[in-house]
Amino acid sequence: MEHLVYLGLLAACLLGTAPLEVLLGTRVYARWRRLGLTLLCVAPVFVAWDLYAIHAGQWTFDPARIVYARLPGGLPLEELLFFLVVPVCAVLTLEAVRAVRGWPVGDESPGRDGSPAGTEPAGTASVGTASVGVERAGDEPVGGDDGETP
C-alpha cells in the first residue's frame, strides 16, 4: 500500500477542496474551459522543469511510494497529476475566498442597471441606478454628496 501514498495525498487534496464547489458555489468545475486554460498555462512549464531536473539527476522519486506508471521522459504519473491537482485546488480555494469576500473579477452576471455585478467600488452599494457611499465605523466616507466615488 505504500506505493499509493502519493496518489492518496493528491486524492486528499481534491477531497479537501471539493466541498468548496458545492457549499460556496465556486463553479470551478462548471467553468471547465477556464480551468483547462489555467492548467495549460501551468502544467507544461512544470512538467518540462521536472523532466529537466530528473534528467540532470537533481530530482528523484522513491519507487516504493509511487505506482510504476511512468510517462515519456521518466516522469511518474503521480507527478503529472500533482501539476493538475494542486492548481485545481488552488483555484478552488481562490474562488472560495472570492465568494466569501465578494471580490469581483469582471466575469459576474450583469447587475440590475446593466453594469457587471459586484463592480461597485469598495464601500458602495448599488441602489437602482445610483451608487451610494456607505460608511462603517472607522472608515472614511467613500462617496460625496453627489454619489460619486473618488
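Only the coordinates and a few stated rules stand behind these numbers; no lab work does. Since the structure is predicted, the reported quantities are computational estimates derived from the model, not experimental observations. Here Cβ is always computed from backbone atoms with ideal geometry, including for glycine, and neighbour counts include all displayed protein chains.
Observations, loosely collected:
- ALA48 falls short on exactly one of the conditions (1) in contact (Cβ under 8 Å) with a residue 40 or more places away in the chain; (2) more than 24 Å from LEU94 (Cβ to Cβ); (3) part of a helix (DSSP H, G or I), and that condition is (1).
- If the condition is being surrounded by 13 or more Cβ atoms within 10 Å (Cβ to Cβ), farther than 9 Å from ARG65 by Cβ and in contact (Cβ under 8 Å) with a residue 60 or more places away in the chain, then region 2-16 contributes LEU7, LEU10, CYS13, LEU14.
- Residue list for region 17-45, restricted to those being surrounded by 15 or more Cβ atoms within 10 Å (Cβ to Cβ) and not in a helix (DSSP H, G or I): LEU24, THR26, VAL28, ARG31
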